[in-house]
Each structure stands twice: as C-alpha cells, then as structure tokens.
Amino acid sequence: MSDINFPQFREILLEKDRIPRKLNENAEQQRLLFLEHVRSGRIKTEEVSACQCGSESLEKIAEIDRFGLPFGSLICRDCGLVVTSPRICAESLPEYYDKFYHILNYGHLHVHEQQALFRLWQGSKIFRMVRPFLADVKEISVLEIGAGTGNVLTEVVAEAAKEGITVHASGTEYSTDCIEECRRSGINIVYGDLNTMLEQGGRFDLIILSHVFEHFIDLKDELSKVKKLLNPQGLLYIEVPGLCNIGNIATYNFDFLEYVIHAHMYNFNKTSLTAILALCGFETLTANEKAEAVFRPSETAKAVDASSNYSYIMSYLQGLVFSRTFLREGIENFSTIRANLKDDLATVHRWHDHEKAEAEKFSRWHDAEKERGDIARRWHEGEKKVATELMETLDVYFKTPYTDVRAKMKSYRGIRHIFEKYYKRYFG
C-alpha cells in the first residue's frame, strides 16, 4: 500500500461530524444517556500522554469513535500502538460495563436476546490454537477474563472432551446479566477481574483474554497479574480486533472510524501486540494479523522490532481510505455505470443475434454439403459395384477354356452387357 498517494486521508480520518456506525433505537438511546453521563462527570474520563512502550511521541489520527462519541485515537510513532484518548477512567469501568456496554454495542436490552457476544465456534477455535502447546495431559484448568455469556468456555470444554481432556473452567465478568446467563449454563463465574482471581488464589494452565486485552488500561500491570495466575508452563491466549485486518471484515466497510470504539483502550496489529507482550516477559508461540496469538511466560523473551510499524499502519489506513473512497464514488456513479452496462449488454445481444444467424447459415450449408456427400457416396458405391462386376466377368472370361465355347460366349455376353451399362451411363 505504500505506493498509494492519497495525502488527504489524514483529514478524512479526523472527521467528527458524523456517526459512522448505524444504531438502532435502543443503542441510540443508550448512546445519548452515556454521553450525558460523560459530560456530567458521572462517567470519568482522562487524557493519555504516553504509550505503553514508554514513548510520548503520539500523533492524533481520529477525533471520534464508531458511535460518533468524542473519544479520539492516537498512534505511537515509535511502536505503532493505537491508543484511545480521552478514555474512561478505571474507577468508572465497572459501572460502564454493567449499564452501557452491551446495549450500546449490540442494540438489545437484555443479554439473552443476543446470539453470543462473539461469534459461534470461538471457543472451539481457541482450543485448536492452544492445543499444540499443551502437554499430554488429561485435565487442565482454564480461566477466561471477561467471559461474556460463557459460550467460549462452554465450547472449550466440549472441544477438549473430544480428546479426552477434562476442563475445569472459571470466568469473570462485570455484567450482572452475563453472570446470570453463565450460571444458567453451569459455568463457575464471579463478578470482577484479574484482581478478584488473585484474591481467591489458584493457578491455571490456560488464561483466555478473548476480546478483553484491548479493554485494559495498564497493560503491563494486568500482564503481571496474568503471570501470577499462570502455572509455570501455562499458556496465555489473546485475541483482539486486528487493526490491519479491518479490510477483511465486512462490518467495518473499509472505515477505520467504524472500527474504533471508546471501550477499546488500545488497538493492536500483530507487531504492536507481540511487542508489548515481549516487553512484559512473554514469548510468542504463534500470532497472526487477525491479532490471534498464544504466549507463554519467559524470562528470555526476545524484544520485537516495532520501529517500522508506525509507517506500516499509516500506509494501511491510507489504503483503507483510498478503497472506501473508490467504492463510494463507484456507488455514487452507479446509474452511469448501469447505463453503460446496459448499452454493453445491448451490443452483446446484437452480436449474439448476428452470430446466431451466421450459425444458422452455416448449418444450412452443412446440411447441403452433407446431402451432396450422400449423393457422391451413392454414386461411388454404384461405380464400385459396376467395376467389381466387370472385373469378375473378365476374370471368368479369361479363365474359361477355349474348348468350352458355350461358357466363353456367356462370359463375353456378360462383358458386353457391362460395357453397355457404362455406355448408357456416360453417353446416354
């Protein structure tokens, strides 16, 4: 994408007079109520001045989020991590997730009206990703932070059971509706977060942060808690909405502003995600640009070079704006394109009719040629028959002894008869 010359993309990203994501009535009411809480100070916010990598070289790339709310985005020039600023303060997060998050994001008044917080088969996919790094065990303990309605843990348990592995599943949540839904599914769920689990004690073989890590404020602090909760060879699965995967998700419409949301404190691509984890002492076992990754604590984790990530991400965002503008212009010019296509289609029809007429003409010529061929074949067969008769008669004549006058005369008359047939054929 580096060869795309579209310098005005920065101004387009900084638009603030629109609501990028279309909202239903429930979500729109929740948006206005949330905005009122922010402006009144009931939901507290704060500005961000430094990246998690320690750099203070931050550049503003957006003024609003997908709901048109005044939560902008900054990008770190040193590592490419995209940071939300202003952001909701840690002290206001429990109230926010309990009252606003689900209705605003999914448009339903009750959690049970949603199919799942994340797509189905999420838990099955997670287990398949971590399975190659699990030892040959018969049982494992799994903790999911932000378990939602519990579908991920339920699927992990079911997928592991196929391989004879028993899963002891636990989870945490802030949403009281989600907690009730989990308990109805028989999941061991508690109200809270990593701190809650540290207070309860215990260690786990696998910790899942599926679309949760981007909601943390202090990544280093949260990862230090994860380390305390993991067994020595435990695994950490992290999945976040990949910043450089926007173009592959239809709901984002090639629009960065439809991707960013105030609840996500950070937006990662593969490089910025693995760089932060390496900085906090985690070795990357597998990762992709969808931002799905498996990590393991390591005292010798190698640092990830993220020095070119800023330019890579800005180039990617430029490409998105270019693609979206190109598509929008195509839609706006659809009537003209449709008229041109209609003319082209008429031309094709005329050509098709002409070709059809030519084909019919050829078919008639072919039938005439076939008829002439049949006549020639019949004539040839007649000539062959006459010639065969002549040869047989001559053969008899010359082989008949001169002493057998009667037979000789009979053969002679046969030869004469054949010559008469030829004469009549050719001379009338």
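Worth a mention:
- 3J(HN,Hα) from dihedral phi, segment 192-204, Karplus parametrisation 6.51/-1.76/1.60, rounded to Hz, x for glycine, proline: x, 8, 4, 4, 4, 5, 5, 5, 6, x, x, 10, 10
- In Å², nearest 10: area of residue 34 left accessible to a 1.4 Å probe: 0 Å²
- The portion of the accessible surface of the chain made up by carbon and sulfur, rounded to a whole percent, is 53 (1.4 Å probe; DNA, RNA and ligands excluded).
- Entry comment: accessible area of segment 306-369 is 75 Å² per residue, from protein heavy atoms only and a probe of 1.4 Å.
- Normalised per residue, the accessible area of segment 159-287 is 36 Å², obtained with a 1.4 Å probe and no contribution from ligands, DNA or RNA.
- Sequence-distant residues sharing a close amide H with residue 282 (under 5 Å, placed H): 298
- Accessible area of residue 399 (1.4 Å probe, protein heavy atoms only, ligands and nucleic acids ignored): about 150 Å².
- Overall form of segment 1-61 per C-alpha gyration tensor (a/c, 1.5; a/b vs b/c): oblate
- Eligible lysines near residue 370 by straight Cα distance, threshold 29 Å, same-chain separation 8 or greater: 356, 361, 384, 385, 421, 424
- Answer label, with Rg/Rh (Cα atoms, Kirkwood Rh) calculated from the coordinates and candidates (i) 1.49; (ii) 1.12; (iii) 1.04: (i)
- Relative contact order of segment 4-146, pairs being alpha-carbon contacts under 8 Å that are 6 or more residues apart, as %: 23 percent
- Within the chain, DSSP assigns beta bridges of which about 50% are antiparallel (rounded to the nearest 5).
- In this Cβ point-charge picture (+1 for Lys and Arg, -1 for Asp and Glu), the chain has a dipole of about 3200 debye about its Cα centre.
- Distances between placed amide hydrogens fall under 5 Å for residue 146 paired with 172, 173, all partners being 5 or more residues away or on another chain.
- Note on residue 365: accessible area approximately 130 square angstrom, rounded to 10, probe 1.4 Å, nucleic acids and ligands left out.
The values are calculated or read from the model by the stated rules, or taken from the named source; none is laboratory data. Being a predicted model, the structure only gives us computed values, none of them experimental. Positions of Cβ are generated from backbone atoms using ideal geometry, with glycine treated the same way; all protein chains shown enter the neighbour counts. Protein only, heavy atoms only, side chains kept; ligands, DNA and RNA dropped before computing areas. Shrake-Rupley method; radii C 1.70, N 1.55, O 1.52, S 1.80 Å.
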